[in-house]
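Engineer: For reference, the structure I am asking about is given below.
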Amino acid sequence: MDEMRKKIIIQEINSWKESRMLPEQYCNYLLALYCQGELPPSKSNKNESKKNDIFTGVLLGALFAFIVFLNYFTEIPIRMQMLMTTISILVFCLAVRRFNGRKTIIQMSLMGMALSLLLLTVSFAEFMAPGKVGIFYIFLFINCGLWILMGIKMKLLHFSIAGGLGALVTLYFLLI
């Protein structure tokens, strides 16, 4: 096979591997096949990946800060606040799906999603039953239960602990 053609195919397989279009095992097999047993030098730039992770982390943090600012420091209607918070939850959910292999970005996305869900439930409780504390506590217990379930399902201890502690604090204030 022509060398130029091989080089193009190898570059394409590497791009598939980086974008996760094919499973890594398949890409490694194809690379070994086209490189005749010798793996080409990897193009994975750790510095570029770290810069992208930092940039993405800053964007996710800025999104969450914007949502908190929007909910607590502006006078827009509560329906608009809830809509924007719901959109931010969807953005965090998409970030979790998009950055599947990057542990730090997934953690930030999950925390942003969970805290935005907490903001949404608080706003929803205020909207549905203003001044009724019992309904507010029910929503908080549901939210803490979701955190515990997410912690168990995704094997994230800090989510389970946060959900458990949140439920205990809510129960404490309910009983006082």
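The values are calculated or read from the model by the stated rules, or taken from the named source; none is laboratory data. Predicted model, so just to flag it, every value in this text is computed and none were measured. A quick note on method: Cβ atoms are made from the backbone with ideal geometry, for glycine too, and the neighbour counts reach across all protein chains shown. Ligands, DNA and RNA are stripped out before the accessible areas are found, and what is left, the full protein with its side chains, is counted by its heavy atoms. Shrake-Rupley method; radii C 1.70, N 1.55, O 1.52, S 1.80 Å.
Engineer: How do ILE13, ILE76 stack up against each other in accessible area, from largest to smallest, with a 1.4 angstrom probe?
Structural biologist: Descending order: ILE76, ILE13.
Engineer: Give, rounded to the nearest 20 debye, the magnitude of the charge dipole that the stretch 72-139 has about its Cα centre when Lys and Arg contribute +1 at Cβ and Asp and Glu contribute -1 at Cβ.
Structural biologist: Dipole of the stretch 72-139, to the nearest 20 debye: 380 debye.
Engineer: Which of the listed residues, ALA32, THR85, LEU22, is farthest toward the dipole's positive end in the stretch 1-152, when Lys, Arg count +1 and Asp, Glu count -1 at the beta-carbon?
Structural biologist: Projecting each Cα onto the dipole axis, the largest value belongs to ALA32.
Engineer: Give or take rounding to whole Å, what are the principal axis extents of the alpha carbon atoms in the chain, in descending order?
Structural biologist: Principal extents (Cα only, largest first): 76, 34, 24 Å.
Engineer: What number, in percent, do you get for the relative contact order of the chain if the mean sequence gap of Cα pairs under 8 Å and at least 6 apart is divided by its residue count?
Structural biologist: Dividing the mean separation by the residue count of the chain yields 13 percent.
Engineer: Continuing with this model, one more query. So for the stretch 73-140, considering every pair of alpha-carbon atoms, how many percent are separated by more than 17 Å?
Structural biologist: Result for the distance tail: 49 percent.
Engineer: Sort 128-135, 64-71 for me by packing, meaning the mean count of neighbouring Cβ atoms within 10 Å per residue, highest on top.
Structural biologist: 64-71, 128-135
Engineer: Right, next: Could you give the accessible area per residue of the chain, probe 1.4 Å, as a whole number in Å²?
Structural biologist: Per residue, the chain has 70 Å² of solvent-accessible surface.
Engineer: Probe 1.4 Å, all protein chains in place: accessible area of CYS93 in Å², nearest 10?
Structural biologist: 60 Å²
Engineer: Just tell me, in residue order, which DSSP H segments of the chain are both 18 angstrom or longer along the helix axis (alpha-carbon based) and at least 1.6 in mean Kyte-Doolittle hydropathy.
Structural biologist: Helix filter hits for the chain: 133-153, 157-175.
Engineer: Mind listing the Cα extents of the stretch 87-176 along all three principal axes, in Å, largest one first?
Structural biologist: Here the spans come out as 43, 27, 15 Å, largest first.
Engineer: Per DSSP H run of n ≥ 4, the term is -39500 (n - 2.57); total these for the chain, divide by its residue number, and report the mean residue ellipticity at 222 nm rounded to 500 deg cm²/dmol.
Structural biologist: Rounded to the nearest 500, it is -28000 deg cm²/dmol.
Engineer: Can you count the Lys pairs in the chain with C-alpha separation below 18 Å, eight or more apart or on different chains?
Structural biologist: 14
Engineer: Turning to a different aspect of this structure: To the nearest 20 debye, what is the magnitude of the charge dipole of the chain about its Cα centre, counting +1 on the Cβ of each Lys and Arg and -1 on the Cβ of each Asp and Glu?
Structural biologist: The dipole magnitude comes to about 200 debye.
Engineer: Here's something else I'd like to know. If you roll a 1.4 angstrom probe over the protein chains with everything in place, what fraction of the accessible area of the stretch 54-103 belongs to carbon and sulfur, to the nearest %?
Structural biologist: 73 percent
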